[in-house]
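As structure tokens, the structure follows; a few thoughts come after it.
Just so you know, all these numbers are worked out from the coordinates, no wet-lab data involved. This structure is a prediction, so every number in the text was calculated from the model and none was measured. Here the Cβ positions follow ideal geometry from the backbone for every residue, glycine too, while neighbour counts run over all protein chains shown.
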Amino acid sequence: MPLTSPAPTSRQSIILLHGFGGHPLQTALLARRLRASGYDVANLGYPSWRWPVARILDHLHQRIIASTAQEARAIHFVGHSMAGLLLRAYLARHHPPRLGRVVMLGTPNGGSELADLCYRLRLDRPILNQAGALLRTQRDPVTQALFGKIDYPLGIIAGDRPMIGALPDLLFRAPNDGKVSVAATHCPGQSDHLVMPVAHTAMIYSRLVADQVAHFLRDGRFRRA
């Protein structure tokens, strides 16, 4: 069901989603910084571990249509990690009439090698549960079909400074943020892609990342020196 389209206000809104296993408290600082940039921000939560994707999408849709976001002149979306995949699936189902721009932060568009390790060790159910099908690199056709086509301005920020530890080096053997490789963050149809010196979880607390998100939402591209 598409979003309804009441008379728009002059404001622009952002739907902000945390990643797998996260909570809106984790994205509260990012939300505050985006509000300081002039946006109304709905920082939404969802059960990422125990709910299947279809139920999460229905939950998010009910939250969004009940918010003031649909009254805005433009509705932007920002998702960290797994939330970027949910946004792709959500926008394939529900395309807002005043859809603005979308930013993904460390999203494993090509899947996460860390999720693959969980499958190899048969730890996918206790660790990933319902999110496993989304996060692994070899997705089944039904899961892959959820994403649809990127027909909106999409900016992606990847990190290449994992926290200190041997596991990222042994697992990835390529630039990564500790959980997702830089290569896996790319998505066909993306408008811009930026690599920043941040770790996967740390990127949502970085002021520089928040500034780049605001810049893309405003100009449709990231700021470069």
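Across region 10-71, the convex hull enclosing all Cα atoms gives 69 Å³ per residue.
Shown for the chain are the DSSP H helices of 15 Å or more along their axis, judged by Cα atoms, with a mean Kyte-Doolittle hydropathy of at least -0.5: 53-65, 82-93, 207-219. So what is log10(I(q)/I(0)) for region 68-225 at q = 0.15, 0.18, 0.20 1/Å, when the Debye sum runs over its Cα atoms only? The Debye formula, applied to the Cα set alone, gives -0.80, -1.11, -1.30.
Considering helices alone, the calculated mean residue ellipticity of the chain at 222 nm is -9000 deg cm²/dmol, with DSSP H runs of length four and up weighted by -39500 (n - 2.57) and normalised per residue.
Charges were assigned to the Cβ only: +1 to each Lys and Arg, -1 to each Asp and Glu. The resulting dipole of the chain about its Cα centre is roughly 260 debye. When Rg and Dmax are taken over the Cα atoms of region 1-112, they come to 13.2, 41 Å.
Sum up the charges of everything whose Cβ sits under 11 Å from the Cβ of residue 211, counting Lys and Arg as +1 and Asp and Glu as -1, but leave residue 211 out.
The answer is +4.
With the simple spin-label model, which puts each label point 7 Å out from Cα in the Cβ direction, the residue 59 to residue 35 separation comes to 2.3 nm.
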